[in-house]
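Have a look at the structure below, then the notes.
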Amino acid sequence: MYKLSLTAILTLALILVSCSGRSAAPEPAIAGADSSTALVLPAASTVHVEIAGFAYKPQTITVSPGARVVWTNRDTARHSVSDIKETWDSGLFREGGAYERVFNQKGDYEYYCTLHPAMTGKVVVK
Ligand SMILES: [Cu+2]
């Protein structure tokens, strides 16, 4: 899925370059999906958060506006990704299920699991 999107972007970039004759912008860095540390990424990146062992990993991520965050449930238990301000909510999803959300506005977005409120995570958009 991600590779397809990247291919599409690269193809589009090549078309734009060939039409306009201008050089393309540098390619954005691609972050590893399994990093356990906070990430700072360029806009239009996709960041993956694993839900495993009743925890969001990484617990806190830092992204640029426009980033897409994808949470994937690796537990046998159902979990949710729910804004503590109740402005958005994934609903419960099962092992292998995923939820994604694009963050366009700068700010701190704290979330939790409605079934297991001790599970918390944060997306920092700056
Ligand atoms: Cu949960």
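The values are calculated or read from the model by the stated rules, or taken from the named source; none is laboratory data. Since the model is a prediction, treat every value here as computed from it, not as a measurement. For neighbour counting, all protein chains shown are included, and Cβ atoms are generated from backbone atoms with ideal geometry for every residue, glycine included.
Things to note:
- For region 53-63, a residue qualifies if it is at negative phi and either within 11 Å of the ligand (Cβ to nearest atom) or touching a strand residue (DSSP E or B) at 6+ places or on another chain (Cβ under 6 Å) (or both), and the qualifying residues are Ala55, Tyr56, Lys57, Gln59, Thr60, Ile61, Thr62, Val63.
- For region 64-77, the candidate set comprises residues that are within 16 Å of the ligand (Cβ to nearest atom) and outside any strand (DSSP E or B); within that set, the residue that is farthest from Asp108 (Cα to Cα) is Thr76.
- Filter result for Val102 (under 15 Å from Val123 (Cβ atoms) and surrounded by 13 or more Cβ atoms within 10 Å (Cβ to Cβ)): no
- The residue of region 46-57 that is farthest from the chain's Cα centre (by Cα), among those that are surrounded by 17 or more Cβ atoms within 10 Å (Cβ to Cβ) and touching a residue at least 24 places away in the same chain (Cβ under 8 Å), is Ala55.
- Selection from region 78-114 of residues that are within 11 Å of the ligand (Cβ to nearest atom), assigned to a loop (DSSP other than H, G, I, E, B) and polar (S, T, N, Q): Ser80, Ser90, Thr114
- Residue match in region 34-43 (condition: at pLDDT below 50, part of a loop (DSSP other than H, G, I, E, B) and not polar (S, T, N, Q)): yes
- From Ser64, Ser90, Ser82, residue being farther than 16 Å from Thr120 by Cβ and surrounded by 16 or more Cβ atoms within 10 Å (Cβ to Cβ): Ser64
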